[in-house]
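The next block holds one structure in the form of structure tokens; read it before the comments.
The values are calculated or read from the model by the stated rules, or taken from the named source; none is laboratory data. Keep in mind it's a predicted model, so treat the numbers as computed, not measured. Every residue, glycine among them, receives a Cβ derived from its backbone with ideal geometry; neighbour counts consider all protein chains shown.
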Amino acid sequence: MEQLLRVAVDGLSFASYLFLVSAGLTFIYGVMRILNVAHGSLYGLGAYMAAWLVLRLWPGGAPGALALPPVWSYGVLLLAALIIGLVVGPLLERVFIQRVVDRGEVIPLVLTFALFLMLEDIMKLIWGVNPLGADLPYAMLGAVSLAGVNYPVYPFLLTGVAVVAAAALWLIINRSRFGKLVIAVIADREVSRALGIDVPRIYTFAFTLGAVLAALGGAFSAPMISVVPGVSVEVIILAFAVTTIGGLGSIGGAAIGALLVGVLRAAAVHYVPELDLFVIYALMTAILLVKPRGLFGGVEVRRI
Amino acid sequence: MTLEERSLAAPELAGRRLPRALGLLEASGAVRAAVAVLVVLALVAPLLPGWLLFLLTVAFAKGLVVLGVVLLLRGDLVSFGHGLFYAAGAYTVAFALRWGVPVRDAAPLVLLGTLVATVVAALVGLFIARYRGIFFGMLSTAFTMILYSLLLKLYWLTGGTDGLAARPAGILGLQPAADTLRLTQYYFVLVLTAAVTYGAYRLAASPLGYLMRAIYDNEIRVEYMGASVRQAIYRTYVISGALGGLGGALAAVAVGHVAPDLAYWTSSGEFVFVALFGGAGSVFAPLLGAVVFEFVRNYAFKLSPYTWQLLLGSVLVLVILFAPGGLWSLLERLAQRARGGKRS
């Protein structure tokens, strides 16, 4: 029982940040038909920016020169995600990705892989290669006792962020003008263009929204991990697994996929630690073989 | 993508910029140049320093894997998972040596590695030949990540992140001393590479080669013609996997060590990277790409260990945006200009 609770709690926190990254990845794919490998880098940039800002403002966990109250560090995490998402997202899309959006699926995939390689080094150039550990927001929340076992509270906050992000995304897509335009573009690029929708602009917005989600995932997981070069490499491949399992282009699918992968991995870590990665990719393969479009990919029609 | 969707997508496909030199038959000039390069590579080898021989040996081995990736690219299929075969070939050599197979010679071990990878490709191909586009790439990634997770975690079998040694006792009955080992390996890999490239050259001009090109243009028309797309893709996939295994086994022998990273997704990404970097316009392009890539990486890494990926990434971005045919198309353009730009 205690073990099961642990699996559930660990799985939920793992699923939360996986969802944040995967939702952006799947949204961008749904709109632009581009599988964005550089999405992992946006996660990494978000994590680095957040950790760096927190360490700057509260060196050693104590209020620094600006003497800001430590509670503000949560706002700083959000700020870091917005800075990265709103600056780097449009930059990547406008300068590089927009140029290849009509060149099939392979070329954009490889282009984003190239961008991914570049961003890996850019992160090292900016923040060095030593790990950044900014656990102030994590430590401040302390722990809570559930059924006699202590659990850190911070992962629950992460889950909260994921839920809020999911709700916001749902509202944006289903209740805003931008959402309606996005749905039109997904349904038919050419007709949308003919109707006067500025498709490249929709692409830029969609990509930026996805980038913000990835950076949010990075920024809010930064306090739980030690931010080192290479965080992006692991995250993107897991996000691939999640989006494939849920169905590329489906945000609901990303949520289910993230939960499945999160809980499965947590269970494997507790019961068969040798297979913690294997189960994820085995599930990914099995889903691809049985339902290539994923659990929620549907046949074609609308994906979001 | 189903066939029906493909036919709907046809107008879009036709408007796409094809690499200019997707021709299957090489210009005779290219063949003559390749033979000349081969002769030079064979003749100058004894004069080259050990590190250069090693670099070229590894580049040729990886070039073979890239050649396999290119064969699939010609049918518009991107395998983001050739690390699967690369690692299968490499680990076969290491396992065979570790578990006391009586043969300690490199040649039969490389053959064994190639066979194992071929069998893996024949099995995976049964499933993957149905997939196109992004799903083909995803499924190939999934398979290589499965192998990676096993190689990484089954410590008692694979040595985990430490990997395993792969040092055969000799090559083709020769027992080269330490100072001639590199040279012997170099010749061994060079001869194999030349033979396999010739095979790929013939393959490109065979019905299967033409079929792959037709599939690139329009899959549904190939079906209407009466040819089996799935069979053509399956066969090409198996051949491609065999090349991956051969490259992996050769690289393992040259490096003397194998590690799970060979199967990680970034390793597969690198092969696709080199494939586009070299270009898909010729069977010689992957080798050219692999050699230039290894040089650039070697020097960039020495000059600045924190920015070599930045450099490589920038080069690839430039190639994709401004030279879609890769290095090979640039060479061709140069050659054309040298001849006065009349013949193509």
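Annotations
- Counted residues, segment A:25-70 - those being over 24 Å from the mean Cα position of the chain (by Cα) and of a type in the set (A, V, I, L, M, F, W, C): 7
- Which listed residue is in contact (Cβ under 8 Å) with a residue 12 or more places away in the chain and charged (D, E, K, R), from A:Arg193, A:Arg265: A:Arg265
- So A:Val212, is it over 30 Å from B:Leu152 (Cα atoms) and either touching a Gly at 6+ places or on another chain (Cβ under 6 Å) or surrounded by 17 or more Cβ atoms within 10 Å (Cβ to Cβ) (or both): yes
- Boolean, A:Val129 is among the β-branched types (Val, Ile, Thr), in a helix (DSSP H, G or I) and either in contact (Cβ under 8 Å) with a residue 40 or more places away in the chain or closer than 26 Å to A:Pro90 by Cβ (or both): no
- Wholly within segment B:197-290, helices (runs of 4 or more DSSP H) carrying at least 3 residues that are among the aromatic types (Phe, Trp, Tyr): B:265-278
- Tally, over segment A:265-282, of residues that are within 13 Å of chain B (Cβ to nearest Cβ) and surrounded by fewer than 21 Cβ atoms within 10 Å (Cβ to Cβ): 10
- With respect to (1) more than 27 Å from B:Ala42 (Cα to Cα); (2) surrounded by fewer than 21 Cβ atoms within 10 Å (Cβ to Cβ), the lone exception for B:Asp179 is condition (1).
- Number of the exception - B:Leu112 against (1) under 27 Å from B:Arg230 (Cβ atoms); (2) more than 10 Å from chain A (Cβ to nearest Cβ): (1)
- Out of A:Ala166, A:Ala139, A:Ala187, A:Ala162, sole residue that is small (Gly, Ala, Ser), touching a Leu at 6+ places or on another chain (Cβ under 7 Å) and in contact (Cβ under 8 Å) with a residue 12 or more places away in the chain: A:Ala162
- Any hit, segment B:7-27, residues being at pLDDT 50 or above, out of contact with any Leu (no Cβ under 7 Å at 6 or more places or on another chain) and within 14 Å of another protein chain (Cβ to nearest Cβ): no
- Total residues in segment B:131-167 satisfying the condition of being buried (at least 17 other Cβ atoms within 10 Å of the Cβ), at the interface with chain A (Cβ under 8 Å from one of its Cβ atoms) and in a loop (DSSP other than H, G, I, E, B): the figure is 1.
- In segment B:76-92 there is at least one residue that is in a loop (DSSP other than H, G, I, E, B), crowded, with 22+ Cβ neighbours inside 10 Å and either of a type in the set (Ser, Thr, Tyr) or in contact with a strand residue (DSSP E or B) (Cβ under 6 Å, 6 or more places away or on another chain) (or both).
- Residue satisfying all of: in segment B:301-344; among the aliphatic types (A, V, I, L, M), surrounded by 13 or more Cβ atoms within 10 Å (Cβ to Cβ) and over 22 Å from the mean Cα position of the chain (by Cα); nearest to the other protein chains (Cβ to nearest Cβ) among these: B:Leu310
- Residue within segment A:128-151 that is in contact with a helix residue (DSSP H, G or I) (Cβ under 8 Å, 6 or more places away or on another chain), within 14 Å of another protein chain (Cβ to nearest Cβ) and more than 16 Å from A:Glu234 (Cα to Cα) present: no
- Only listed residue being in contact with a helix residue (DSSP H, G or I) (Cβ under 9 Å, 6 or more places away or on another chain), away from chain B (no Cβ under 14 Å) and among the aliphatic types (A, V, I, L, M), chosen from A:Ala67, A:Ala51: A:Ala51
- Among the candidates A:Ala162, A:Ala80, A:Ala114, residue that is within 14 Å of another protein chain (Cβ to nearest Cβ), of a type in the set (Gly, Ala, Ser) and surrounded by 15 or more Cβ atoms within 10 Å (Cβ to Cβ): A:Ala114
Residues checked against (1) surrounded by 21 or more Cβ atoms within 10 Å (Cβ to Cβ); (2) closer than 17 Å to B:Ala195 by Cβ; (3) free of Cβ contacts under 8 Å to residues at least 40 places away in the same chain:
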| site | (1), (2), (3) |
| --- | --- |
| B:Arg230 | no, no, no |
| B:Thr236 | yes, no, no |
| B:Leu243 | yes, yes, no |
| B:Leu246 | yes, yes, no |
| B:Ala249 | yes, yes, no |
| B:His257 | no, no, no |
| B:Pro260 | yes, no, no |
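- Which numbered condition B:Phe127 fails, given (1) surrounded by fewer than 16 Cβ atoms within 10 Å (Cβ to Cβ); (2) more than 8 Å from chain A (Cβ to nearest Cβ): (2)
- For segment A:36-75, the tally of residues that are touching a Phe, Trp or Tyr at 6+ places or on another chain (Cβ under 7 Å) and closer than 14 Å to A:Ala239 by Cβ stands at 4.
- Positions within segment A:52-71 being touching a residue at least 12 places away in the same chain (Cβ under 8 Å) and either polar (S, T, N, Q) or in a helix (DSSP H, G or I) (or both), in sequence order: A:Trp52, A:Leu53, A:Val54, A:Leu55, A:Leu57, A:Gly61, A:Pro70, A:Val71
- Residue among A:Leu209, A:Leu216, A:Leu169 that is at pLDDT 95 or above and within 14 Å of A:Ile251 (Cβ to Cβ): A:Leu209
- Annotation note: of A:Ile251, A:Ile237, the sole residue that is β-branched (Val, Ile, Thr), within 14 Å of the chain's Cα centre (by Cα) and facing chain B (nearest Cβ under 7 Å) is A:Ile237.
- Filtered residues of segment A:84-103 (kept if among the β-branched types (Val, Ile, Thr) and either in contact (Cβ under 8 Å) with a residue 60 or more places away in the chain or within 14 Å of another protein chain (Cβ to nearest Cβ) (or both)): A:Ile84, A:Val88, A:Val95, A:Ile97, A:Val100, A:Val101
- B:Leu183 being modelled with pLDDT of 85 or more and under 30 Å from B:Val40 (Cα atoms): yes
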